[in-house]
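J.: Quick one: structure below, then a few questions.
The values are calculated or read from the model by the stated rules, or taken from the named source; none is laboratory data. Values in this document were obtained by computation on a predicted structure and should not be read as measured data. When we count neighbours, we look across all protein chains shown, and the Cβ atoms used for this are built from the backbone with ideal geometry, even at glycine.
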Amino acid sequence: MVQYVAMHTRLDFLRAKIGQAVSDKPVMRSAVTLPSGHALSLWHGDITEEAVDAIVNAANDGLVHGGGVAGAIVRKGGYVIQDESDRVGRVATGSAAITGAGSLAAKHVIHAVGPVWNGRTPEENDRLLASATIAALEIAREKCLSSVAFPAISSGIFGFPKDRCAAVMLGAVRDWANVHPDDNPCDIRFTIIDEETVRYFEQELRECFESRPAGEEGDPVP
């Protein structure tokens with residue numbers, strides 16, 4: 001039984017944990033157009049299904065993709081993603097690196113290294129998470145990628161509080177967009193698998209960005 005459970009994907013585990021089926025295709029929950037002109041949206045579902053120019057991986061500093069979002073990306077996209085990551089080597093916390101996406105629907109994977117919550121002050125953790133978010137956006141900008149999808153970086157086993165993660169990451173996107181009003185990526189998404197985290201991001205979007213709800217059931221990915 002233990003071996004069987006260990007073979008489950010992260011998505012299977014979360015489906016069992018929350019006691020409900022989660023569609024493979026992400027569903028839009030809310031959206032807003034920022035003053036910079038960038039489209040910012042929140043989606044509930046599996047980030048590995050996103051057909052965007054790049055999905056962002058919540059990576060560790062060794063780029064060893066064993067569990068969580070990272071493990072799901074390699075399982076679906078193929079071990080070639082881990083091979084490329086091994087050639088990249090270590091990435092400092094608060095930074096990011098890019099690889100191919102293997103057989104994923106996305107074209108690239110941007111590996112952003114967020115902080116582990118324990119061992120630093122909350123303020124330093126905020127700074128590093130914002131830095132990782134902006135580093136991923138900068139890579140997308142430099143590569144002229146028009147669309148990117150983020151997970152809730154560091155909010156899983158790294159222990160970053162989910163509500164704080166939402167505030168920091170969305171704030172980092174806003175700050176970056178204000179500085180780069182004419183730059184890609186013009187389509188910035190947060191695609192999150194678990195309902196609890198989605199609700200924190202949804203609340204932050206509503207309170208700080210006056211987001212447009214996508215409807216009770218949401219809009220499927222085109």
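J.: So if I check each of I153, I157, which one is among the β-branched types (V, I, T) and either within 24 Å of G100 (Cα to Cα) or touching a strand residue (DSSP E or B) at 6+ places or on another chain (Cβ under 7 Å) (or both)?
T.: Values: I157 fails: either within 24 Å of G100 (Cα to Cα) or touching a strand residue (DSSP E or B) at 6+ places or on another chain (Cβ under 7 Å) (or both).
So the residue among I153, I157 that is among the β-branched types (V, I, T) and either within 24 Å of G100 (Cα to Cα) or touching a strand residue (DSSP E or B) at 6+ places or on another chain (Cβ under 7 Å) (or both) is I153.
J.: Say we look at segment 184-200 and pick out the residues that are not in a helix (DSSP H, G or I) and not charged (D, E, K, R); which of these is nearest to V32 (Cα to Cα)?
T.: Step one: of segment 184-200, the residues not in a helix (DSSP H, G or I) are 184-194.
Next, from what is left, pick out any that are not charged (D, E, K, R): 184-186, 188, 190-193.
Working: N184: 16, P185: 15, C186: 12, I188: 10, F190: 12, T191: 15, I192: 17, I193: 20 Å.
Among them, the one singled out is I188.
J.: How about segment 79-98: which of its residues are closer than 23 Å to L128 by Cα and part of a helix (DSSP H, G or I)?
T.: Looking only at segment 79-98, we keep the residues that are closer than 23 Å to L128 by Cα, and these are 85-86, 88-98.
Selection gives S85, D86, V88.
J.: Within segment 136-170, track down each residue that is touching a Gly at 6+ places or on another chain (Cβ under 8 Å) and crowded, with 22+ Cβ neighbours inside 10 Å.
T.: First, pick out the residues of segment 136-170 that are touching a Gly at 6+ places or on another chain (Cβ under 8 Å): 153-154, 156-158, 160.
Scanning segment 136-170 gives I153, S154, F160.
J.: Now for a different question. Restricting to segment 99-124, what's the tally of residues that are closer than 22 Å to C165 by Cβ and either at pLDDT below 95 or assigned to a strand (DSSP E or B) (or both)?
T.: Looking only at that region, the number is 6.
J.: Give the residues of segment 150-183 that are among the small types (G, A, S), in a loop (DSSP other than H, G, I, E, B) and more than 15 Å from the chain's Cα centre (by Cα), sorted by residue number.
T.: Here is the first cut: in segment 150-183, the residues among the small types (G, A, S) are 152, 154-156, 159, 166-167, 171-172, 177.
Now restrict to residues that are in a loop (DSSP other than H, G, I, E, B): 152, 154-156, 159.
Residue satisfying the conditions is G159 alone.
J.: Now for a different question. Filtering segment 117-135 down to residues that are surrounded by 16 or more Cβ atoms within 10 Å (Cβ to Cβ) and of a type in the set (V, I, T), which residue is farthest from the chain's Cα centre (by Cα)?
T.: I134
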